[in-house]
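In what follows, a structure is listed as structure tokens, so that the remarks can point back to it.
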């Protein structure tokens, strides 16, 4: 049963791709199609970060371990959408013209932090298998705490690219901060009650 | 004094068809426009390549934070904005203070078509066939005195009609400024329309500025007050982030915005597979305006 449900969730997670395909089909990408695609996948990356970070707190709150079964899949979708977002920027926007890209990464702080977040995702995606969990043992957990740093980098990436105080980046930042704060509480409880 | 009546206005479809027809004849758009028109429409070298952006993009993809920060907010939220009656004051360091309605300005100065590239600081550009006239014509009527070194443009403040003004996104009302010689330059245009039509609300009706060699935000919309002043005014964007937005804000591919590169731009409406184009110094209007800045370090005075 859970297997089918997981497959269903997997296809649901492809929804952002469906939107873009439909936009392309109906020629509905607007005045700046490249920017729209880039922003679309950037925002979905943040949404998937929030979803991934929600699983542990949901397990605590509902007392159901069911949620944890989706964490890995959601986390891999973070990497998937972050990669499409990056490829849109590098390939579609800048046509693999490396000089301005390298210049941007080094000089523009929002691109630097966004790119750093993507680099940090690579080891997490690479060590997501059951086998790697066994090999890395307790180091695996420490390594995967990097997702907290990635989440903060992601929200800063969005804030720094905005021209003035915009609502959306602030909303994502608040959600991420709340999700991280929930963990501090969880950890303390762990210490207190063993 | 010629006023454009509604019957004279070319519907956009026919307008575009005519352009197409002219192109088929082997003439460039600009060579046609050159006939009988003032040099300003085609003085710059880049005009030969200027193909106007489609009206649907010009009228739906706007930065006009008074109506909200999304590109679609201005067109969605400005349709009931009242532009009549509309009064404009020209005051400060002038001999003749002027208080005039937008309608009177429309009757007093003949608008002509001026096709300019608009380069946004965000890294995109459009080519827009504005209707308008040189701001200098209006300023001359006010007779600036010898203390008038700068011109400040103040946009309307009306939070009831402009939902974006309920939030401190920027300091309201929106303010912009030019040096007096920039303001008197013939390319500096007071805009009354576009594509041969009345200026749409989302594009800054009833009266806005266009300074083609500067980033778009320098061109204040829905102007109610033009003030001649002695000291350099502080614009809304300078106040918001002085490190990022300078007073001059000339289009300059060699001076990056602190957060993004200005070396190239995306052309609005050119489709998903088209490439960025290199940004030109002074947005391609260097032949006309570079002399205004001779001897100035444009990295320092950005």
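The values are calculated or read from the model by the stated rules, or taken from the named source; none is laboratory data. Quick caveat: nothing in here was measured; it's all calculated off a predicted structure. With ideal geometry, Cβ positions are generated from the backbone for all residues, glycine too; neighbour counts draw on all protein chains shown.
The table that follows gives values for the structure above.
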| read-out | value |
| --- | --- |
| Tally, over the stretch B:71-82, of residues that are buried (at least 17 other Cβ atoms within 10 Å of the Cβ) and touching a helix residue (DSSP H, G or I) at 6+ places or on another chain (Cβ under 9 Å) | 6 |
| Residue check, residue B:221 crowded, with 17+ Cβ neighbours inside 10 Å, modelled with pLDDT of 95 or more and part of a loop (DSSP other than H, G, I, E, B) | yes |
| Residue list for the stretch B:65-124, restricted to those being assigned to a loop (DSSP other than H, G, I, E, B), touching a residue at least 24 places away in the same chain (Cβ under 8 Å) and within 15 Å of residue B:203 (Cα to Cα) | B:68, B:69, B:78, B:79, B:80, B:81, B:82, B:83, B:120 |
| Filter result (in contact with a strand residue (DSSP E or B) (Cβ under 8 Å, 6 or more places away or on another chain) and in a helix (DSSP H, G or I)) within the stretch B:150-181 | B:180 |
| In the stretch B:45-54, the residues that are buried (at least 19 other Cβ atoms within 10 Å of the Cβ) and touching a helix residue (DSSP H, G or I) at 6+ places or on another chain (Cβ under 6 Å) | B:47 |
| Residue selected from the stretch B:274-289 under the condition assigned to a loop (DSSP other than H, G, I, E, B), more than 8 Å from chain A (Cβ to nearest Cβ) and closer than 19 Å to residue A:31 by Cα, by the criterion farthest from the chain's Cα centre (by Cα) | B:274 |
| Condition broken by residue B:292, with the remaining ones in (1) within 30 Å of residue B:157 (Cα to Cα); (2) surrounded by fewer than 17 Cβ atoms within 10 Å (Cβ to Cβ) satisfied | (1) |
| Residue match in the stretch A:61-82 (condition: within 14 Å of chain B (Cβ to nearest Cβ) and either within 24 Å of residue A:16 (Cα to Cα) or buried (at least 20 other Cβ atoms within 10 Å of the Cβ) (or both)) | no |
| Counted residues, the stretch A:24-39 - those being touching a residue at least 12 places away in the same chain (Cβ under 8 Å) and in contact with a helix residue (DSSP H, G or I) (Cβ under 6 Å, 6 or more places away or on another chain) | 3 |
| Of all residues in the stretch B:229-238 being closer than 16 Å to residue B:301 by Cα and assigned to a helix (DSSP H, G or I), the one that is nearest to the other protein chains (Cβ to nearest Cβ) | B:237 |
| Candidates A:49, A:21 - the one that is in a helix (DSSP H, G or I), within 14 Å of chain B (Cβ to nearest Cβ) and either closer than 30 Å to residue B:54 by Cβ or touching a residue at least 24 places away in the same chain (Cβ under 8 Å) (or both) | A:21 |
| Residue satisfying condition, being surrounded by fewer than 19 Cβ atoms within 10 Å (Cβ to Cβ) and within 14 Å of chain A (Cβ to nearest Cβ), within set B:97, B:147, B:141, B:166 | B:166 |
| The stretch A:85-96: number of residues that are surrounded by 14 or more Cβ atoms within 10 Å (Cβ to Cβ) and within 11 Å of another protein chain (Cβ to nearest Cβ) | 4 |
| Positions within the stretch B:140-149 being in contact with a strand residue (DSSP E or B) (Cβ under 9 Å, 6 or more places away or on another chain) and either part of a helix (DSSP H, G or I) or farther than 22 Å from residue B:106 by Cβ (or both), in sequence order | B:141, B:142, B:144, B:145, B:147, B:148, B:149 |
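One line per residue, one yes/no per condition, for (1) within 20 Å of residue B:245 (Cα to Cα); (2) under 16 Å from the mean Cα position of the chain (by Cα); (3) within 14 Å of chain A (Cβ to nearest Cβ):
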position: B:151; (1), (2), (3): yes, yes, no
position: B:159; (1), (2), (3): no, no, no
position: B:184; (1), (2), (3): no, yes, no
position: B:198; (1), (2), (3): no, yes, no
position: B:222; (1), (2), (3): no, yes, no
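Here's the yes/no breakdown for (1) more than 14 Å from chain B (Cβ to nearest Cβ); (2) surrounded by 14 or more Cβ atoms within 10 Å (Cβ to Cβ); (3) modelled with pLDDT of 95 or more; (4) touching a strand residue (DSSP E or B) at 6+ places or on another chain (Cβ under 9 Å):
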| position | (1), (2), (3), (4) |
| --- | --- |
| A:106 | no, no, no, no |
| A:125 | yes, yes, yes, no |
| A:129 | yes, no, no, no |
| A:150 | yes, yes, yes, no |
| A:154 | yes, yes, yes, no |
| A:162 | no, yes, no, no |
| A:166 | no, yes, no, no |
| A:175 | yes, yes, yes, no |
| A:191 | yes, no, no, no |
